[in-house]
Amino acid sequence: MNSTRTPPGLSSRVDWTFIAAVVGLVATGTVAMLSAASTTLFYQSILQKHFIALALGSSLFVLTLAFNYQIFQDQAKILYGVAIALMAAVLVLGRSARGHRAWLRLAGFSFQPAELARVLVVLVLADYLDRRARRAGDFSTVLTALAIATPIVLLILKQPDFSTALTFLPTITGMLFCAGADIFQLLFVFGYGALALAVPLVITLCQVRYPGAPSGTLPGFILAASRLGWATLTTVVAFAAVSAAVWRAATWMRLQIKPLAFVAAPVILSGALLTGIVVNRSMKSYQRNRFVAFVAPRSDTQGAAYNVIQSKVAIGSGGLWGQGLFSGTQSQLGFLPERHTDFIFANVGEEMGFWGAGLILGLYFLLLWRVVTAARLARDRYGYLVCAGLASMFAFVVTLNVGMCVGLMPVAGIPLPLISYGGSSLIINLFSLGIVANVYARRYALL
Amino acid sequence: MKIDSRERLNVLWWAIAGAGVVLGLRLAQLQILDVAFYREAAERNRSQIIYQSAPRGRFYDRHGDVIAENQGAFTLIFLPGKNQARRELEPLARELARQLGRDPDEILETLEQSEREQSAARLAENLPQVTAFQLWELKTIYPGIALIEEARRYYPHGRFASHLIGYMGRMNPREWRDRKAKGYRADSRIGKLGLEALFEDELRGRDGGRRMEVDAQGRIKRELESIPWEAGSNVHLTIDSSIQRAADDGLRASVTGRGAAVAIDPRNGDILAMSSQPDFDPNALLAADPGEAQRSVAALPEFNNAIAGAYPPGSTFKPIVGLAAFAAGVSPLESFFCPGYFDLGGHTFHCWDRKGHGRVDWFKGLAQSCDVYFYNLGLKTGAAEIERYEKLFGLGARTNVALRGEKSGHLFGPETRRKAGRGWYDGDTLNLSIGQGELTVTPLQLAVVAAALANRGTVWRPHFTRKIVYADGRPDFVQSPEKLSEIPATDAAWDLVQRGLEIVVSSGTGMSARIPGLVVAGKTGTAQNSGVDHAWFIAYAGRPGEPASIAVAVLVANGGHGGVTAAPVARKMILARFGMADPEVEREARLAARAAARAAARAAKAAVPVPALPAGAVR
């Protein structure tokens, strides 16, 4: 019937559903951006940059699709070197904006390399985990994988960009999990990270709610522990003692639990506690405010909590059908902060309503489903790991951003992939999705 | 523990799907379940209502002359922005303090409160045009500053019937609590005294407003809705501005400048004028400068002498003693000898004129206000009969003129004494006969007495409302005269009293109130008190052959003799009633005009030699 069949090969193998999801997200994002940025001072220049980035990103997507993704595995060392070089270059040559030294000027464009570094880390780790396939269950694999990512994360923390650094943890955890790492080991690692993050939250909560708690009470003890004194030491010793006691009890009950767990548990608990306390002490004031805004949204309506409240108001007032493009009062009158960047989802919620916001969530759902499918169908373990890593990364970033907009997550300064305005972010996201498309298109070992 | 990679991928997928479901449910909660709450929050964010006070109902005098009206004035308001820091408000407060001449800390406090409550604040009211234009420039520098035009109360006559009209002021916390439900706002002004307070509900219209769309910085973007105001109802008074002005000016020019004057139409009880001095300028209380307004409030003489000041009536009480005597059968022709004193059982009671008046009958006694004559008359009549007439004339009871703070004064007589558990002596009768002792009256009561003397016995309830023209189309309220009582006295008795009062003015103690072409009757009075005596004068007047159309009572506090200080004020009021020019004032004006003309001529002569300047040098 159809005489002009595309040449056998690529076209029939490309995942068009996936591409439709990407196009849909980019299109929705462009529309939202057009509306949200319309009241900003540099509307013309924002439009220009966006469409140039869109063109560059699309080209990169097609280009990435064109050659075999396995080249990334072959050149893993170079990629790793590039990632470290980029992050080091940012710290040396980078431009500061809003307290971060996170931008590189490149031929008239500002370029934020941290996101590229994140994708590169996924590619490098996929190579490492592919080569360690036989020893995937070893704890050394987990530790090495973390060690590979650590220099880059540290460099990003040095900017300092806490939010972007934070996105590495779930990405790496997802990859290790899909690579077949031991669940307990992962739990330890993940628990360590989660605990290290929870400690400052709890300390902030106590500081806000019980500022002058007496020393006999639990909040008073927590506040004392946060000052790295005797209370801290007592806690660490208590962890060890309880662990030893449980070990004896387990032995007595003849439970088959590895002795290592009873050593690892107190070490990880204490380590996480100490890390958390150190993180808590080295937080910048705006970061502290975000924590405060999350644990006690009513306490501070000026700072970070203001953003969340206005975001929720914007989304809620959108209702089922939205206020209409260019007519959301929260966005257009400037009540919604960062409305074309980090909080663009709130703008969508206000102007396009539940259907618009739901459409974006649906498109992400579709996209991630196709990424997971690409992982499942990948012809090799490397492709499988790359797709799993990218799926984890996208899922976490989207959840964090949308969760922040609807008030379920603390404020984190990360953009919504493919929707938020931001040239380098768009290009890099399209590049990374190009890799996924590539993995899918080459799912048969023949090509 | 070995898990298939396919299974692990499934676990990852379910984690992603779970996160998606949570986010979707949260979206549904915000956008579908709680949509009304957030819609309202967004609406609150973007809109600010700026209230505009409605024009208050006007006061007119009996001839349609405007006594209180409204003028356009500017109000400076501040619309708080979202997320505004204190350091952004500080320069604004400093700038405003400079422009308005006020304390920056106080302004900053207002700004911060407005910012906290996220509602518009009024920074300054009743700004004159010039200041308003200067402030207009601030709008371009500081977002959130806006000027709106409002109706502001204005009293074109300034110091004029101040105590009767009253003034506008801020509510105190109790007044605010009572009025909260009635649509008042915390910064509303209400009538605080006199008729402004009495007719608050009628005068007050319904405030309008403008719902403005504002952006996050508090800049006004556009008007969403304009809520029109409804003007208040107009009140037409029985006051005659020319009489009122004569009373105000006359009292102010009197010896002490303190006192009260009331004029009533004896035919119906209309209050034609009510003045109390010292008075105040109600416009000063609405000054744009809060310092000035505050000083004015602090110095406000709120005491209305005309209704709240009770003094012994002195000799102005004598016509009532006469009426009582005639009713008791005393003959007006009976005469008594006045040697200048009266001896009562070894106690000497003096006549005001120690030289004595010789043989005195009713007409001479009243005209010369001979105390000895009235001592005798009083003793013959009996104190009980005089007390009955006090009551008939409405003394000792409030007229219920519907002004706050009215006093009833004190009755004086054997019955009152008995009720108080004390006895009555002849000495008291003597004191009562000349209007001294415990008897006290207010100027308003005495004006009612003068009106009853003029109309031969009708005691009216005094009133100052002619009609209220309701703004909402209700039929007008029209005040009808209300009779309090009728004095039972024969025509012969009235003739004697009225004739006597006319002689007082034509050739007696009240001669300074004489007006050619009018029949003026009156009585002077001197109320003894601890300091200098208060001067009284009551009078009524009409054209010959016509019933009297004005009755007055004038009190000059510590003014000495009524005929000297109080009567001229009454005279001015009567002249104003009949639209007559005061010949004295006219003569003075003529002299002043002549002197001015002479001075101008001298100046013109002196100006001639000045050399002409070249055209370019001018200016």
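The values are calculated or read from the model by the stated rules, or taken from the named source; none is laboratory data. Given the structure is predicted, the values throughout are model-derived calculations rather than measurements. Here the Cβ positions follow ideal geometry from the backbone for every residue, glycine too, while neighbour counts run over all protein chains shown. Side chains included, ligands, DNA and RNA excluded: accessible areas come from the protein's heavy atoms. Shrake-Rupley method; radii C 1.70, N 1.55, O 1.52, S 1.80 Å.
Numbers for the structure displayed
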{"quantity": "Hey, residue A:36 in a helix (DSSP H, G or I) and closer than 18 Å to residue A:415 by Cβ or not", "calculated": "yes"}
{"quantity": "Selection from the range B:113-147 of residues that are buried (at least 18 other Cβ atoms within 10 Å of the Cβ) and either without any contact (Cβ under 8 Å) to a residue 12 or more places away in the chain or β-branched (Val, Ile, Thr) (or both)", "calculated": "B:131, B:145"}
{"quantity": "Filter result for the condition that a residue is open to solvent by less than 10 Å² (accessible area, probe 1.4 Å), among the charged types (D, E, K, R) and touching a Ser or Thr at 6+ places or on another chain (Cβ under 9 Å), over B:270, B:265, B:281", "calculated": "B:265"}
{"quantity": "Of residues in the range A:351-370 being within 9 Å of another protein chain (Cβ to nearest Cβ) and over 18 Å from residue B:31 (Cβ atoms), the one least open to solvent (accessible area, probe 1.4 Å)", "calculated": "A:368"}
{"quantity": "In the range A:333-350, the residues that are surrounded by fewer than 24 Cβ atoms within 10 Å (Cβ to Cβ) and within 12 Å of another protein chain (Cβ to nearest Cβ)", "calculated": "A:333, A:334, A:337"}
{"quantity": "Total residues in the range A:371-399, condition aliphatic (A, V, I, L, M), more than 10 Å from chain B (Cβ to nearest Cβ) and either open to solvent by less than 10 Å² (accessible area, probe 1.4 Å) or under 22 Å from residue A:341 (Cβ atoms) (or both)", "calculated": "5"}
{"quantity": "Those residues of the range B:63-73 which are closer than 20 Å to residue B:282 by Cβ and open to solvent by 30 Å² or more (accessible area, probe 1.4 Å), in sequence order", "calculated": "B:65, B:66, B:69, B:70, B:71, B:72"}
{"quantity": "Residues (crowded, with 24+ Cβ neighbours inside 10 Å, touching a His at 6+ places or on another chain (Cβ under 9 Å) and outside any strand (DSSP E or B)) located in the range B:516-557", "calculated": "B:557"}
{"quantity": "Failed item, numbered, when residue B:14 is tested on (1) away from chain A (no Cβ under 12 Å); (2) surrounded by fewer than 17 Cβ atoms within 10 Å (Cβ to Cβ); (3) not acidic (Asp, Glu)", "calculated": "(1)"}
{"quantity": "Residue in the range B:101-108 that is acidic (Asp, Glu) and in contact with a strand residue (DSSP E or B) (Cβ under 6 Å, 6 or more places away or on another chain) present", "calculated": "no"}
{"quantity": "The range B:289-332, subset of a type in the set (S, T, N, Q) and more than 18 Å from residue B:375 (Cβ to Cβ), residue surrounded by the fewest Cβ atoms within 10 Å (Cβ to Cβ)", "calculated": "B:294"}
{"quantity": "Helices (runs of 4 or more DSSP H) enclosed by the range B:169-248 - at least 2 residues per element that are loosely packed, with under 15 Cβ neighbours inside 10 Å and in the same structural domain as residue B:80 (by TED's automatic domain parsing)", "calculated": "B:173-179"}
{"quantity": "Filtered residues of the range B:28-61 (kept if more than 8 Å from chain A (Cβ to nearest Cβ), open to solvent by less than 50 Å² (accessible area, probe 1.4 Å) and either assigned to a strand (DSSP E or B) or in contact with a Leu (Cβ under 8 Å, 6 or more places away or on another chain) (or both))", "calculated": "B:47, B:48, B:50, B:52, B:56, B:57, B:59, B:60, B:61"}
{"quantity": "Scan of the range B:156-168 for residues that are in a loop (DSSP other than H, G, I, E, B), open to solvent by less than 50 Å² (accessible area, probe 1.4 Å) and farther than 16 Å from residue B:56 by Cβ, ordered by number", "calculated": "B:158, B:160, B:161"}
{"quantity": "Of the criteria (1) aliphatic (A, V, I, L, M); (2) over 30 Å from residue A:317 (Cβ atoms); (3) at pLDDT 90 or above, which one residue B:3 fails", "calculated": "(3)"}
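Conditions tested, residue by residue: (1) crowded, with 17+ Cβ neighbours inside 10 Å; (2) within 30 Å of residue A:349 (Cβ to Cβ); (3) small (Gly, Ala, Ser); (4) free of Cβ contacts under 8 Å to residues at least 40 places away in the same chain.
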{"residue": "A:25", "(1), (2), (3), (4)": "yes, yes, no, no"}
{"residue": "A:30", "(1), (2), (3), (4)": "yes, yes, no, yes"}
{"residue": "A:40", "(1), (2), (3), (4)": "no, yes, no, no"}
{"residue": "A:52", "(1), (2), (3), (4)": "no, yes, no, no"}
